[in-house]
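Report on the structure given below.
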Amino acid sequence: MFSKEEAQKLRKEFWIAFGKSFPRKWILYNTKIKDFSFKFNADAKKAEVSLDIEINDELFRNAYFEKMWSLESILEEELGEIHKDEFYTLENGKVISRFWITKENVSIYNKNTWQEIFEFFVEKMEAFERVYFEYEDFIKDI
């Protein structure tokens, strides 16, 4: 296992290497919808690309979740099997709504899997962005 400092250094190296390997501007937080953002995540066992709906007002959060859920067949066509949870609880206890794709058996701490993670990130985030841009007006109409 790694010390806390070694793990932190590896995580930093990972994100720098990803940015250098695929230098492009991702939509991420720039959706023009407050608390509606796309995210990359990698840990010791998996990598994920997600759409997090973190709106505190449950009615609005639910409305955006329902809009995205209505696009489920399109999302699955673009992304493959997608997971969804209207009441996803983050580690800090905050409840959000989330749509995500997971790649198992890869690790941010194993440099041999980094390229696999990078390619997964690019493929899935580009697919998420395509759907978002294609249906942006529909999604924003709440």
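Of all the residues in segment 114-142, those that are crowded, with 18+ Cβ neighbours inside 10 Å and more than 14 Å from the chain's Cα centre (by Cα) number 2. If you go through segment 4-44 and pick out every residue that is loosely packed, with under 12 Cβ neighbours inside 10 Å and of a type in the set (D, E, K, R), you end up with 9. Hey, among 3, 21, 37, which residue is within 12 Å of residue 114 (Cα to Cα) and not basic (Lys, Arg)? Only one candidate qualifies: 21. Looking across segment 26-41, just one residue is farther than 18 Å from residue 130 by Cβ and outside any loop (DSSP other than H, G, I, E, B), and that is 41.
Can you name every one of the helices (runs of 4 or more DSSP H) wholly within segment 42-142 that holds 2 or more residues which are at pLDDT 95 or above, under 16 Å from residue 28 (Cβ atoms) and β-branched (Val, Ile, Thr)? Let's see the steps before the verdict.
Values: elements: 58-70, 72-79, 114-140.
Result: 114-140.
Considering each residue of segment 1-18 in turn, none proves to be modelled with pLDDT of 95 or more, under 12 Å from the mean Cα position of the chain (by Cα) and small (Gly, Ala, Ser).
Among residues of segment 39-93 being more than 15 Å from residue 139 (Cα to Cα) and aromatic (Phe, Trp, Tyr), the one that is farthest from the chain's Cα centre (by Cα) is 87.
The values are calculated or read from the model by the stated rules, or taken from the named source; none is laboratory data. Every value quoted in this text rests on a predicted model; they were computed, and no experiment measured them. Methodologically, a virtual Cβ is constructed for each residue, glycine included, from the backbone with ideal geometry; neighbour enumeration extends over all protein chains shown.
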